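For reference, the structure discussed in these notes is given below.
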Amino acid sequence: MSLQMVSTVSNSSLLQPGFSLLNFDGHVFFFGQKGWPKRSCPTGVFLLDIKQNELKMKPVFFSKDSCYLPPLRYPALCTLRSDARADEYQYIIHGGKTPNNDLSDKIYFISLVSKTSKKMTFQCIEKDLGGDVPEARYGHTINIVHSRGKSMSVLFGGRSYTPLAQRTTETWNSVVDCLPSVFLIDFEFGCCTSYILPELQDGLSFHVSIARDDTIYILGGHSLQNNTRSPNLYKLKIDLPLGSPAVTCTILPGGISVSSAIVTQISDNEFVLVGGYHSDNQKRLECNTIVLEDSKIEIVESVCPEWTPDIKHCRTWFGCDMGKGSVLLGIPGANKQIIPDANYFYILRCKGGEEDKEEELITQTCSQTSSEDPGDSTPFEDSEEFCFSAEANSFDADDADTYNEDDEEDESETGYWITCCASCNIDINTWVPFYSTELSKPAMILCSGGAGHWVHAQCMDLSETMLLRLSEANVKYFCNKHIDLNKGLQTPQKVMCLKKPPMKPLRKKKTMKLSTSTKKSFLRRLFE
């Protein structure tokens, strides 16, 4: 084994615990950044280009018929082929955390549709499922099994938030183990079926699963309920006859009590297990070799690399399989670094260069590897892992296309994520859609005050009906700050007076003047 440090070029803050790697045609693609994607790469998927021990990132595009794929951290993913020996494949992505810490229950299919020297284009499709649909979760695994000419997906483990009916103020954001159910997913008909097996008593997360033909081996994992790391080795066998599938589970001896371990494949039937945790605060620096032969599994100790002092003394670490016997490892950077949230990365090669052949590996691996994320996790929480399943190869493309955070316009000051007013509370890391028309960015409206500026519709307390009306009508809008000023500057409209015809003067009535004697005579008669 050999260990080599890799330097990142101006973008190491994107490489945070919880992301995943996809491998298409020997090229490695990064997916699942911590925050929402920026305008320079709205897809949130990057090509990882490693040349001369330097890591660069280049944006990737989606086809027009693709659905929106949020940056999911700690999802379960694996490759899907039409049959076990097929060359073409696509990736299945299920679950994971969004940048708002919401859990996803959606399942996506992502495939490479076109590739040139300067542009990679993916297609992403969301798949609808029926039946016993798995709940939203993270830290789980998904694999594909093949039996009797048919294939199915098998999903197991993970964590989820406490059900709403059981939440209290103190435990509102607490996570719990998902039930230890085994889900069989038939993508041809879009249906799911769950199975409860007596051998699986406790929920597990951040475990390792290795699939070969019709068998899946589950190793290690952490249980929140018991705060233990299972020493058991489970063997799931899935039979797919013409009728209903048959699922059986067997507990085998020789397991390892570990969580967040990384597994990489070095030959058709040989794997290397690296890293993980023995306990909440103790890393596992040992390595093991796993051999699969004739429906049997053998786990033996192997020679470990010479770990650097930084790796030995750090409290947490994370990493994942890069494919073909290579593992990417990361450790937290120093607190005094110029770039915040930066990490140090190493590549661990588990086999010699003469054995590194360009070959498609039939056996699939899926492991949940670790790193503690103190920003949005409970203490330890098994270090919130992520998956890799790729190998880093050089990609001969123009360096002008390399993604560089320093070259990107800061969207906290411009664009959709500006501070539009004194009471603005729109933040790129915590924003969630407010209007039904919003997808990945907040709705904005142009204020005509002064030289004109954009404001968030939500900050202006606009209803959705009013927002739609303003977007359709050809009228000027003034924000809360400029509406009073605009009223004061407006010239009052001239009020036209109504012309009324002149009124005719009233004629004076003629009155008769009575003499005094006549008045006295009249009064005398009145009182008689």
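The values are calculated or read from the model by the stated rules, or taken from the named source; none is laboratory data. Everything numeric here is computed off the predicted structure, so don't read it as measured data. In this analysis, Cβ positions are derived from the backbone assuming ideal geometry, glycine residues included, and neighbour counts consider all displayed protein chains. Protein only, heavy atoms only, side chains kept; ligands, DNA and RNA dropped before computing areas. Shrake-Rupley method; radii C 1.70, N 1.55, O 1.52, S 1.80 Å.
Structure data summary
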quantity: Computed accessible area, PHE271, all protein chains, 1.4 angstrom probe, square angstrom; calculated: 0
quantity: Accessible surface, 1.4 Å probe, highest first, among residues ILE107, ILE299; calculated: ILE299, ILE107
quantity: Inverse of mean 1/r across different Cα pairs in region 17-132, Kirkwood, Å; calculated: 14.9
quantity: FRET efficiency, VAL475 to SER63 (Cβ-Cβ, R0 56 Å, nearest 0.05); calculated: 0.90
quantity: Expected-Rg normalisation [2.2 N^0.38 Å, Cα atoms] applied to region 207-265; calculated: 1.27
quantity: Ranking by accessible area, most exposed first, for ARG212, ARG137 with a 1.4 Å probe; calculated: ARG212, ARG137
quantity: Rg ratio (alpha-carbon, reference 2.2 N^0.38 Å) - region 6-304; calculated: 1.01
quantity: Approximate spin-label separation ASP25-ASN425, in nm, with each point projected 7 Å along Cα-to-Cβ; calculated: 4.8
quantity: Accessible surface, 1.4 Å probe, highest first, among residues ASP202, ASP186; calculated: ASP202, ASP186
quantity: Intensity falloff of region 92-201 expressed as log10 I(q)/I(0), Debye formula with alpha-carbon point scatterers, at q = 0.12, 0.14, 0.20 Å⁻¹; calculated: -0.53, -0.69, -1.14
quantity: By average C-beta atoms within 10 angstrom, highest first, the peptides 191-199, 155-163, 432-440, 121-129; calculated: 155-163, 121-129, 191-199, 432-440
quantity: Rough spin-label spacing in nm, given labels placed 7 Å along Cα→Cβ, for CYS314 and THR171; calculated: 3.4
quantity: Solvent-accessible area, 1.4 Å probe, carbon plus sulfur percent, for region 6-304; calculated: 49
quantity: Percentage, to the nearest whole number, of Cα pairs in region 275-323 over 13 Å apart; calculated: 68
quantity: Added length on full extension, which subtracts the Cα-Cα distance from 0.36 nm per residue, LYS296 to ASP202; calculated: 31.4 nm
quantity: Cα lying deepest toward the dipole's positive end in region 7-146, options SER111, ASN100, LEU55, charges on Cβ; calculated: LEU55
quantity: Average accessible surface area per residue within region 6-304, 1.4 Å rolling probe, Å²; calculated: 41
